[in-house]
Amino acid sequence: MSRGKTIVAVKVIKGNIQKALSKFKKKVKDSEHLQEFRERREYVKPSVKKRRLKQVAIHNQNKETILDKIESGDTSVNKG
């Protein structure tokens, strides 16, 4: 994992393992250790990362444009 992240640890208080487990799961989710692990399963070339980010940005921009048209009452459909 990254060097900046801390180790996730939870103390079991009064033998309550279920409570400790739920706290542990929440801490792991908040620390994003699992997300980083999933991302590192396979190598992704920088060009592929860049292409994916561009696709996501285009998708978000198109979605926002459509929502703006709906809000303004524009019913025309442009296919291109």
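Only the coordinates and a few stated rules stand behind these numbers; no lab work does. Note that the structure is predicted; figures quoted are calculated from it, not measured. Positions of Cβ are backbone-derived with ideal geometry, glycine not excepted, and every protein chain shown enters the neighbour counts.
Using R0 = 30 Å, the C-beta based FRET efficiency linking Q18 and E39 works out to 0.50. The lysines whose alpha-carbon is closer than 16 Å to the alpha-carbon of K29, local same-chain residues fewer than 8 away aside, are K5, K19. In the chain, the longest principal axis of the Cα atoms and the axis of helix 17-31 are about 40 degrees apart.
The phi-based Karplus calculation (6.51 cos²θ - 1.76 cosθ + 1.60; θ = phi - 60°) puts the 3J(HN,Hα) values of the stretch 50-56 at 5, 5, 5, 4, 5, 4, 5 Hz, whole numbers, x for Gly and Pro.
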